[in-house]
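Enquirer: Structure in structure tokens, see below.
Read the figures in this text as sums done on the coordinates, not as results from a lab. Given the structure is predicted, the values throughout are model-derived calculations rather than measurements. Cβ: placed from backbone, ideal geometry, glycine included. Neighbour counts: every protein chain shown.
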Amino acid sequence: MTSREELLPTTRRALLHRVATAQSQGRAPSLVASVIRDGELVWTGARTSVDGHAPDENVQYRIGSITKTFTAVLVMRLRDEGLLDLSDPLEKHLPGTGAGDVTIVELLAHTSGLAAESPGPWWERSSAALRPELSDVLGEEPFKHPVGRLHHYSNPGYTLLGSLVEKLRGVPWEEALRREVLEPLGLDRTSAQPQDPHAGGWAVHPWADVMMPEQVEDVGLMAPAGQLWSTTADLGRFAAFLLAGDDRVLSAESVREMRTPSAPLAAENWDATYGLGTQLLRVGGRTLFGHLGSLPGYLAGLLVSEEEGLAAVALVNCTSGPAIGALTAELVLMVAEAEPRIPEPWRPATEVDSSVMELVGSWYFGTQVVVLRSTGQGAVVLGPLAGGGGRQARFRANGDGTWTGLDGYYAGEQLRAVRRADGSVSHLDLGSFVFTREPYEAGAPVPGGVDPEGWRGLP
């Protein structure tokens, strides 16, 4: 990833002030953060308690549960290759775990009902030798909730996903990750074991300005849930991939699926949910996706705004300290508000799709007016008039005169133009809904029929 100084001096100073405040008030030994815009590193700032040793974007920190997003990418690759379906029960591919009734998608979205942690000593600070088998990770009573009913974060669930990857690939999780994700994306400073230069992890006393080193443990079978080390530069590249996809790893459509909500919202929290290996947050009126992470001695955050093409990464080397989620989100919002994305110039289409041009314009669902607009390359958007309420969705052309919904209420639904015997368009059919050129158009196949006397006033 190249670095270029695009941000205004006032924005850079505001970002540095926010990082400096977080390091000082959070009493962190060191903190490094980067901002990425449209796939390029545009700012890095750092603060440290040791003069002359401020980290840069190439210093490794442990990233904890951001590892889960990497593991989810590996699972999605298996799905895209046809080696599994997300609705498959785990038992179909990884028998004998004792948790095999849960589906792969439930593991990805943390709706499996499995326990949050493994039984026994705190796994993040104890030897992996205590958990040599999956049965040691899951314990005798692995389930805490009914399967599929609610979102309950589960580290053992991602251990199962890592083991699934190993079973289907025939290589260790770490090797599959390096070969299939890290190398293609150029993440050469992301690894399962620390590589110099890396920041040591510390525990800072809550009531005194003293600290002690945290012990670094290889978490063994739990590695797919939280083992990785990385840098702000590498995580910036990964954020760019999560935003746009990369056909060497996962398509744009598949990474979009990862950041689509897949877990039920908790009644007390309407601003946070979970996709497939990604957290989704509503902050300051904007939707952010990515992941946060922590392990003893380290805190990490990676959040992305699709709307602005912006991402921020923040890494800290202390067990508790700065509110890493709030800090990472604020870095994104600060740039989005100070330097909003400048829209690309409007340009006319280079090609005209006559089959789409025939359909654009106003349509009626009952008495509700909607507009079908072309977005180029055969794709369309169906939604309300500007300023009006109602459902809106983008549709991808299928190449056969039909379109498939990509988002919103109509995601996955098929839109097609129904023609009369003479070839003219009668109406649009969208998941059994009929859209006509006039409200309750006479002669159109409106379900329930149209009153033969037509429109009229009060008698």
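Enquirer: Mind checking the angle between helix 155-169 and the chain's longest principal axis? C-alpha axes, 0 to 90 degrees, to the nearest 10.
Expert: So the helix axis and the longest Cα principal axis differ by about 80 degrees.
Enquirer: Under 14 Å Cα-Cα from LYS92, which aspartates and glutamates qualify once same-chain neighbours fewer than 8 residues away are excluded?
Expert: ASP101
Enquirer: Roughly what % antiparallel, to the nearest 5, for the DSSP beta bridges in the chain? Display every interim value, and only then the final one.
Expert: On the way: 76 of 79 bridges.
For the chain, the DSSP antiparallel bridge percentage is about 95.
Enquirer: Additional query: LYS68: which lysines have alpha carbons under 21 Å from its alpha carbon, excluding same-chain residues fewer than 8 sequence positions away?
Expert: LYS144, LYS167
Enquirer: Any idea what the relative contact order of the chain is, in percent, if you count C-alpha pairs under 8 Å spaced at least 6 apart? All intermediate terms of the calculation are to be shown ahead of the outcome.
Expert: Values: 961 pairs, mean separation 72.3, N = 459.
The value is 16 percent.
Enquirer: Residues with amide H under 5 Å of GLU413's amide H, sequence separation 5 or more or different chain, H placed in the peptide plane at 1.01 Å from N; which?
Expert: Excluding prolines and chain starts, which carry no amide H, the hits are GLY405.
Enquirer: Also: Can you give the net charge of the other residues whose Cβ lies under 14 Å from the Cβ of GLY454, counting K and R as +1 and D and E as -1? Before the final figure, lay out each step's value.
Expert: Values: positive: ARG456; negative: GLU438, GLU441, ASP451, GLU453.
So the surrounding residues net to -3.
Enquirer: Okay, moving on. Which whole-number percent is the relative contact order of segment 166-217 (Cα, under 8 Å, 6+ apart)? Let's see the in-between values first.
Expert: Numbers: 26 pairs, mean separation 9.8, N = 52.
The normalised contact order for segment 166-217 reaches 19 percent.
Enquirer: Angle between the Cα long axis of helix 67-80 and the longest principal axis of the chain, 0 to 90 degrees, nearest 10?
Expert: For 67-80 against the chain, the angle is about 40 degrees.
Enquirer: Within a Cβ distance under 12 Å of THR404, other residues only, what is the Lys/Arg minus Asp/Glu net charge?
Expert: Values: positive: ARG394, ARG396, ARG416; negative: GLU253, ASP400, ASP407, GLU413.
Result for the local shell: -1.
Enquirer: Label the chain by shape, choosing from rounded, prolate and oblate, from the square roots a ≥ b ≥ c of the eigenvalues of the Cα gyration tensor; if a/c is under 1.5 it is rounded, and otherwise prolate applies when a/b is larger than b/c, oblate when it is not. Don't skip to the end; give the middle numbers.
Expert: Numbers: a/c = 2.32, a/b = 1.62, b/c = 1.43.
Here the chain falls in the prolate category.
Enquirer: Ok, one more. Can you give me the relative contact order of segment 354-435 as a percent, contacts being Cα pairs under 8 Å and 6 or more apart? Can you show the working numbers first?
Expert: Values: 152 pairs, mean separation 14.2, N = 82.
Result for segment 354-435 is 17 percent.
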